[in-house]
1. Roughly how large, in nm² to one decimal, is the mean projection of the convex hull of the alpha-carbon atoms in the range 1-141?
2. Compute a Gaussian network model of the chain, connecting alpha carbons closer than 10 Å, and tell me which residue from 264, 17, 45 fluctuates the most.
3. In terms of the Cα gyration tensor, with a ≥ b ≥ c the square roots of its eigenvalues, is the range 138-279 rounded because a/c is under 1.5, prolate because a/b exceeds b/c, or oblate?
4. Please compute the volume of the convex hull spanned by the alpha-carbon atoms of the chain and report it per residue in Å³.
5. Taking the dipole about the Cα centre of the chain, with the C-beta of Lys and Arg at +1 and of Asp and Glu at -1, give me whichever of 49, 25, 192 is farthest to the positive side.
6. GNM on the chain, C-alpha springs below 10 Å: top fluctuator among 183, 103, 236?
7. If the only charges are +1 at each Lys and Arg Cβ and -1 at each Asp and Glu Cβ, what is the size of the charge dipole of the range 1-125 around the Cα centre, to the nearest 20 debye?
8. Going by a ≥ b ≥ c, the root eigenvalues of the Cα gyration tensor, does the range 26-95 fall in the rounded group (a/c under 1.5), the prolate group (a/b larger than b/c) or the oblate group?
Amino acid sequence: MSRTPPPRRLFISADMEGIAGVASVSQLLPGQFEYETARSWMTAEVAAATRVALDNGYGEVIIADGHGNAQNLLPDRLPAGSRLIRSWPRPLGQMEGADWPGVDACMFIGFHSGARSGAGTLAHTFHGGLFNDVRVNGESCSEARLLAAFAGEIGVPVILVTGDDAICREVSGYLPDAETCAVKQFIAWRSVATVTPSEGAAMVGEAALRAITRAPRTLLRLPAPYRLEIEFVHPVTAELAGLLPGFAQTGQNTAAAEFATMRELLVMTGFLSNYPKGD
């Protein structure tokens, strides 16, 4: 019996810190200043990329809401043909759905620099209240770099990254064929020069179209095995992580382990992101 093949799918991982108009922590949290407005800006940028994909050869777009409580995107403002992944926990975190059948490309929308980048609006890695730094094989990594390495492992290219100019410069260094779209310029950790949200959504849509038609496409592959070392904010969390099988506490605030695959590493960072802070 023949089976219907899956539709051609695009995967989008969406965050909020890199969205046009977003500049402060208060905009990122439910119930605080401008959060409801910021989530509408985030939805508009993701919807713009999704519409372009659905109009240019994709039968479905899988969208992983990867910010905060992962319930930021407004489902009723996304185009038909979207499949929205919401809430936590989930095995692959911000990349949940990237390995579904038919996915042939990834986009990262609203992304930001890593905790030790030295520049970047609202820069952090995975959980700013829990992690001071995330290092793989001795190198500090942003979320974009780690997620792109997982995408490379499963053979899916990252074709577009949007956010501020700092993250766009970063990813151009290891994903030279990916399209980038800077909707704002870094001034300080919580200060930016931003385009208007409507202009940002239009820019993302235009960049998505360029990305879909652009080739060749580089796959980021970091050398295995992968030694993950996390510097925690609180020393008690490092002590607890050091009790996990395969982990060792490597400093007052750090714990490390080695993984054979990026999938295993990504699952562990997701687990540790929901780990007790120790306070």
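1. On the way: hull surface 41.7 nm².
Projected area, direction-averaged: 10.4 nm².
2. Checking each option, the largest mean-square fluctuation is seen for 264.
3. Numbers: a/c = 2.92, a/b = 1.61, b/c = 1.81.
Oblate shape, in that a/c is at least 1.5 and b/c is the bigger or equal ratio.
4. Details: hull volume 37.2 nm³, N = 279.
Output value, Cα hull per residue: 133 Å³.
5. It is 49.
6. For the chain, modelled as a Gaussian network with Cα springs under 10 Å, the answer is 236.
7. Values: 10 positive and 12 negative charges, 55 e Å.
Using Cβ point charges on Lys, Arg, Asp and Glu, the range 1-125 gives about 260 debye.
8. oblate
No value in this document is a laboratory result; all are computed from the given coordinates. As the structure is a prediction and not an experimental result, all values here were calculated from the model. Every residue, glycine among them, receives a Cβ derived from its backbone with ideal geometry; neighbour counts consider all protein chains shown.
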